[in-house]
């Protein structure tokens, strides 16, 4: 059977349980039509590059699918009808990616860096001299603050 990757974007105001239910519904559609889901990844609530149907963010979900074409056609038909899904895309692939997808690896790398990120490409700024008092600025207590 052909292999596919199916990604859908769900509305931002949905709870995570509702997003999981949408993924379960997609899984059921594929399995009822003779296919199977190899992997399901929830990428979480992410910002969109531009507004889609008044949404600035969306829940991203990716499914690795091994199914015949009619099963995929039914999934896309049902997805297009669902008002909670604002966009979806299905592509045919030669092989499913082993391990976590690039999006999941990226989020793990960002988590390891910490809140400000790793600024490894910037030199240490410890060699800069102290700026001292600036003549063009009045001390704070004189400004009435």
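Bear in mind these aren't lab numbers, they're just calculated from the coordinates by the rules spelled out. Because the structure is a prediction, the values reported are computed rather than measured. With ideal geometry, Cβ positions are generated from the backbone for all residues, glycine too; neighbour counts draw on all protein chains shown.
Side notes on the structure shown:
- Rg/Rg_ref, segment 3-98, where Rg_ref = 2.2 N^0.38 Å and atoms are Cα: 1.03
- Projected label points at residue 36 and residue 15, each 7 Å from Cα along the beta carbon direction, are separated by 3.3 nanometres.
- Each Cα pair under 8 Å and six or more residues apart adds its separation to the average, and for segment 3-98 the resulting relative contact order is 47 percent.
- The modelled label-to-label distance between residue 57 and residue 131, using points 7 Å beyond Cα along the C-beta direction, is 3.3 nm.
- Residue 91-residue 76 pseudo-label distance in nm [points 7 Å out on the Cα-to-Cβ vector]: 1.5 nm
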